[in-house]
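First comes the structure, then the notes that go with it.
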Ligand code: GTP
Ligand code: MG
């Protein structure tokens, strides 16, 4: 699932809160410049979400989050991140409401038909707010003064109004019956963790439903992915950070990757996986694995990857005809 939204509205901070890291602080001017990917395992999700996510109710291994930059100059990256995802989280700062890159994100989501929810972030900045660290929204809402509640409501209704102007009917998420026809708005704070249990609960529910619908996707079939970044790694040369969105990839597989010139045909030498909850972009320690199944972030080491390009497709050939796969990659 992709996290989209205007610059500084708190996308990376929300992910940091969920995965328990501090990537945002390490970024230059706290501006995300690349697409990132983080696999958050089910037990982490349920720890954070408490009673809102009971692990026994889910067949999912967890959630794969794709972070995107909000700064205006990274439009192609956002579009790529948005197009990659099954589900998106549109992060909107309650103080700023809709801004240019919020609009842009909405356009991407409309164009790709990606279901999304809105994380109305920074609720802790509401005047008079009495923070309840990590609490579900209902619980923290009850602890607020009448004045703080109505201040927050006002801001949330503004967001609901903006969505409505763009043809989306939306409501507070707890009132939404059908998330396909109604956008759920989840008030959250990446700073205090308030509302994050709710956000995770909604995302797990949506993912589970989506997975059931999409079981047609053959996770045992040949892998398909998209290159996030081409990176030099000591001992491996040029490697690819890839989001595998379908199928399986194994060490030794023949793959076709979109390149600056012709598609690159090569053989996977090693598959490196970031540890659970680690951001693939900043992680330095990887586990070498034999096989990776969608959806996952994975670093691929293989010869001849120097000319590979961010955004390019990656295809495992499997038992298909190599020329056919090359043509498929060329066409993308
Ligand atoms: P780009 O990657 O540049 O698009 O920004 P971003 O959306 O990832 O925003 P980021 O997470 O870097 O947060 C921007 C600033 O807002 C940082 O200074 C955060 O500390 C602050 N911030 C984020 N979430 C919250 C929140 O819930 N409450 C408060 N008070 N501050 C927040
Ligand atoms: Mg960011």
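Observations on the model:
- Cα-projected label distance for residue 319 with residue 125, points at 7 Å along beta-carbon direction, nm: 5.6
- Cα shape, segment 48-201, gyration tensor, a/c 1.5 rule: oblate
- Burial ranking of peptide ranges 51-60, 298-307, 143-152 (average Cβ count within 10 Å, highest at the top): 298-307, 143-152, 51-60
- Antiparallel bridge percentage (DSSP; both residues within the chain; nearest 5): 70
- Averaging 1/r across all pairs of distinct Cα atoms in the chain and inverting the result yields a Kirkwood radius of 20.4 Å.
- Residue 59 versus residue 231: modelled label distance in nm, points set 7 Å from Cα along the beta carbon direction: 3.3
- Tail weight of P(r) past 17 Å, computed on alpha-carbon pairs of segment 121-206, percent: 47
- Whether segment 1-60 is rounded, prolate or oblate, judged on the alpha carbon gyration tensor where a/c under 1.5 counts as rounded: prolate
- Degrees, to the nearest 10: 100-112 long Cα axis against longest axis of the chain: 60
- Rounded tilt (10° steps) of 322-331 against the dominant C-alpha axis of the chain: 40
- For segment 192-332, the alpha-carbon coordinates run over 48, 36, 26 Å along the three principal axes, in decreasing order.
- Spin-label model, residue 285 to residue 27: label points 7 Å out along the Cα-to-beta-carbon direction sit 2.5 nm apart.
- Considering only beta bridges that DSSP places wholly inside segment 191-332, some 95 percent are antiparallel.
- Acute angle (nearest 10 degrees) that the helix 196-213 long axis makes with the longest principal axis of the chain, alpha-carbon atoms: 50
- Computed packing ranks the peptides 274-281, 222-229 as 222-229, 274-281, most packed first, by mean other Cβ atoms within 10 Å.
Read the figures in this text as sums done on the coordinates, not as results from a lab. Please read all numbers here as calculations on a predicted model, not as lab measurements. We place every Cβ from the backbone using ideal geometry, glycine too, and count neighbours over all the protein chains shown.
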